[in-house]
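Note sheet for the following structure.
We did not get these values from a lab; they are worked out from the coordinates using the rules stated. None of the values given here were measured: they were computed from a predicted structure. Quick reminder, even Gly has a Cβ in these numbers, built from the backbone with ideal geometry, and neighbours come from all protein chains shown.
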Amino acid sequence: MSALIEAVGLTRTFEVSAGMFQAKRLLHAVNGVDLSVERGDVLGIVGESGCGKSTLARMLLGLVPPTQGSVRIDGIALERMDRRERARRVQPVFQDPYSSLNPRRTIQSIVEFPLAVHGIGTSAQRRERAIEMLARVGLPDRLAGQSAGQLSGGQRQRVAIARALVMNPEVVVCDEPTSALDVSVQAQILNLLMDLRREFNLTYVFISHNLAVVEHIATQVAVMYLGRVVEFNDAKALFATPRHPYTQALLASVLTPEPGLGIPDMGLGLSFPDPTNPPSGCGFHPRCRQRLAVCETQMPGLLPCNNGTGLVACHLDRDPA
Ligand code: SF4
């Protein structure tokens, strides 16, 4: 089966000010990422804050242009599509439903807005479609005339999902869609996303720092560290037998009393490195208990695991001895 959405050598750099009298530094937010997602799959992308996952999400949506590489949907580069075609293919659901929805606009106008922007349907048809989508995400039509500011966080995220689906997209890029919500509401939103995936044959790219959430929803998982994918595998295989030491540390963090707050202190005494001055060789080597001499000088490529499933960027996997 061919990929529905692909990232090919996707790279994004930013110039970062280092102070009034110092030269600007280059930050590789995303560095040479190759990923592909087949129709109907859910690709979970996980990693700590600053690993590049949100920049990657914005490039997949066409909101941030890549410095190098491209995003393709059904083999067509995103930059070759006009705005309407892009909106019909891929839509976002962002983290914070409080800031992503205008609190003064009515729910109905928020949901039908993408249709109006792209000149789709009459106003009556747009209204009907918006009410239909609100029903699909579990919001009664009596709420259609209320402003977003009157809704709870969970209801707002349902509105954001309805707005994403009103264009009938093929791919939905969800960037931390539940992390601003109460735990009890998170499960409802995840279940809703899974139901909608089945009903509309959606393909998701699901960004999260929380492996427990990703385990619930993903069919494949990519683990990112310092702008690169360090492990990629089917979700079941990755959770059963994580290969990369960083993935192992992330999984260990799920077992801490406060899951999802980043990787635990592994006794290494080092926090996430400065992305404008990344470590030599493997970017994880200052924090890795299993590092080899070669890890400090040579960056491992993302290659097939030596047990035959998935991809991993780690010298240990090259050297089973
Ligand atoms: Fe650790 Fe070396 Fe593997 Fe990097 S390449 S994760 S430092 S063992």
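Within 10 Å of each residue's Cβ, count the other Cβ atoms and sort Tyr98, Tyr225 from fewest upward.
Tyr98, Tyr225
Given only helices, namely DSSP H runs of n ≥ 4 each adding -39500 (n - 2.57), what is the per-residue ellipticity at 222 nm of the chain, to the nearest 500 deg cm²/dmol?
-9000 deg cm²/dmol
Treating the angle as unsigned and between 0 and 90°, give the value, to the nearest 10°, between the Cα long axis of helix 153-165 and the longest Cα principal axis of the chain.
Result, in degrees: 80.
Which ³J(HN,Hα) values in Hz, rounded to whole numbers, follow from the phi angles of the stretch 223-232 under the Karplus curve 6.51 cos²θ - 1.76 cosθ + 1.60, where θ = phi - 60° and Gly and Pro get x?
9, 10, 9, 6, x, 10, 7, 9, 8, 9
If you count the DSSP beta bridges with both ends in the stretch 68-212, what percent of them are antiparallel, to the nearest 5?
Taking every DSSP beta bridge with both residues in the stretch 68-212, the antiparallel ones total about 25 percent.
In sequence order, what are the phi-derived ³J(HN,Hα) couplings for the stretch 31-44 according to the Karplus relation 6.51 cos²θ - 1.76 cosθ + 1.60 with θ = phi - 60°, rounded to whole Hz, with x for glycine and proline?
Listing the rounded values in order: 9, x, 8, 10, 8, 9, 10, 8, 4, x, 7, 10, 8, x Hz.
Can you give me the C-alpha center-to-center distance between the stretch 287-321 and the stretch 158-198, rounded to a whole angstrom?
Each part's Cα centre sits 35 Å from the other's.
For the chain, what's the relative contact order in percent, using C-alpha pairs closer than 8 Å and at least 6 residues apart?
Worked out over the chain, it gives 20 percent.
How large is the Kirkwood hydrodynamic radius of the chain, in angstrom, based on all distinct alpha carbon pairs?
20.7
Show me 290-301, 235-246, 151-162 ranked by packing, highest mean number of other Cβ atoms within 10 Å first.
Put in order of decreasing packing, that is 151-162, 235-246, 290-301.
Could you go through the stretch 289-297 in sequence order and give the Karplus-derived ³J(HN,Hα) for each residue, using 6.51 cos²θ - 1.76 cosθ + 1.60 with θ = phi - 60°, rounded to whole Hz, and x for Gly and Pro?
Taking θ as phi minus 60°, the curve returns 6, 9, 4, 10, 4, 5, 5, 7, 10 Hz for the stretch 289-297.
Using a Gaussian network model on the chain with a 10 Å cutoff between Cα atoms, which of Phe206, Phe14, Phe113 fluctuates the most?
Looking only at Phe206, Phe14, Phe113, the largest GNM fluctuation is found for Phe14.
How much length is gained on full extension from Thr13 to Ala237, taking 0.36 nm per residue of separation minus their Cα-Cα distance?
So the chain would gain 77.4 nm between Thr13 and Ala237.
Taking the chain as a Gaussian network, Cα atoms linked when under 10 Å apart, which of Val16, Val42, Val30 shows the biggest mean-square fluctuation?
Val16
Taking the DSSP beta bridges in the chain as the whole, what percent of them are antiparallel, to the nearest 5?
Once the DSSP bridges in the chain are tallied, antiparallel ones form about 60 percent.
With the chain treated as a Gaussian network of Cα nodes joined by springs under 10 Å, which of Val117, Val166, Val230 yields the largest mean-square fluctuation?
Residue with maximal mean-square fluctuation among Val117, Val166, Val230: Val117.
Helix 183-200: angle to the longest alpha-carbon principal axis of the chain, degrees 0 to 90, nearest 10?
Taking the Cα atoms of the chain, the angle to 183-200 is about 70 degrees.
With angles folded into 0 to 90 degrees, how steeply does helix 107-117 sit against the dominant principal axis of the chain? Use alpha carbons for both and round to 10.
For helix 107-117, the angle is close to 80 degrees.
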